[in-house]
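The values are calculated or read from the model by the stated rules, or taken from the named source; none is laboratory data. As the structure is a prediction and not an experimental result, all values here were calculated from the model. Ideal geometry is used to build each Cβ from the backbone, glycine not excepted, and the neighbour counts take in all protein chains shown. The protein model used for the area step is the full one, side chains on, heavy atoms only, and it has no ligands, DNA or RNA in it. Shrake-Rupley method; radii C 1.70, N 1.55, O 1.52, S 1.80 Å.
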Amino acid sequence: MNGYFLTDKGQVRSHNEDAGGIFFNQNNQVLAVVADGMGGHRAGDVASNIATTSLHNKWLDAQPIQTAEEAEDWLQRTIKNVNQELFQYALNHKECQGMGTTIVAAICTEEFVSVAHIGDSRCYLSNEFGFKQVTEDHSLVNELVRAGQITREDAEHHPRKNVLLKALGTESETSVDINTVIWEEDDKLLLCSDGLSNKMIDDELVEFVQEPLPLEKAAEKLVTIANERGGEDNISLVLVHHDAPTEEGVS
C-alpha cells in the first residue's frame, strides 16, 4: 500500500487548524486520518492535534485487524474515547471551551477499508466501478438536501454551508458513522477536509485521484487548485493507493 498525507493553511487563514497522517500498527496495517479543528484562540489546532495524536498512539498498540467487524469495533471504541479526551480537555482549559474537530479515519487492510467519520471531512473511493463519496456530511445543508428542501446545487452556495450538526469533542457523548467497503488492487482512497471538497466537484477530484501520478504530485496539484480558487480554508488530504510499500506522512 502506498500513501501520502498533505496539509496546507491556505491563502487566508493565519494558521492551520487541520491535522492528520498515515499511521501503522504492529502488523504494518494502515490507519489514515484527517481532522479539521474548530474553536477560538487556536483551540481548533488543539482539538485536531489531540484527536490525531491520540488515534495514532492507540493504533500503535492495536492488535492486528483480521475482520471488518474488528476494524469497525476498534474505530467505534477509539473515537468515542478520543471524544471524551477532547471534552474533558476543554472543561479543564477555559481557553478551549467549545472546541471540537471533524474526524475521518480509515483502516486499510488488503481486503477491505473501514471508514469512520464525524462532521464534514470526507472519504472517497475510486475503483473499477467509478468514484463515490463513502461518507455522508453531518451538516445542515446536507440534511436539507436529504429532506428534499434544497438541491445539491443549492447546497454548494448555501449561506449556512459550514454549519455542522455534529463534531468530535463538543459533547460528552457522540455517535460515529462507520462504513466498510471492499478494497482491491489498484483502488484509491481520498480523505479530505472541506478546504478541498468545497473547492472541487467530484468530476474534478476523480481526475486527479485516478491520474497515473505519484501520490505526492497528485496531492500537491489538488492543494494548488484549492488555493488558486481562493484557499479561504485550511486544506488537508490523504491519498492511499492499494499498491506497493507505504511511505509515512504525519502532521
Exposure rank, largest accessible area first [Phe5, Phe87, Phe129; 1.4 Å]: Phe129, Phe87, Phe5
Backbone N within the stretch 101-143 under 19 Å of label point (7 Å from His158 Cα along the Cβ vector): 102-103, 118-123, 133-143
Structure-based [θ]222 nm, the chain - -39500 (n - 2.57) summed over DSSP H runs of at least 4, per residue, nearest 500: -10000 deg cm²/dmol
Candidates Glu128, Glu156, Glu70, ranked by Gaussian network fluctuation over the chain, Cα under 10 Å, top entry: Glu128
Karplus-derived 3J(HN,Hα), 6.51/-1.76/1.60, for each residue of the stretch 76-92, Hz, glycine and proline x: 4, 5, 5, 5, 5, 5, 5, 4, 5, 4, 5, 4, 5, 4, 5, 5, 8
Stretch gain in nm, segment His93-Arg77, where the contour uses 0.36 nm per residue and the Cα spacing is subtracted: 3.3 nm
Extension reserve of the Glu220-Glu185 stretch, reckoned as 0.36 nm per residue once the Cα distance is removed: 10.2 nm
Linear extension gain, Glu143 paired with Glu171, 0.36 nm per residue minus alpha-carbon span: 8.1 nm
Lysines whose Cα lies under 25 Å from that of Lys199, excluding same-chain neighbours fewer than 8 positions away: Lys9, Lys132, Lys161, Lys166, Lys188, Lys217, Lys221
Equivalent-ellipsoid semi-axes of the stretch 25-89, from the Cα gyration tensor, Å, largest first: 25, 12, 9
Pairwise centroid distance, computed over Cα atoms, of the stretch 178-225 with the stretch 62-86, Å: 24 Å
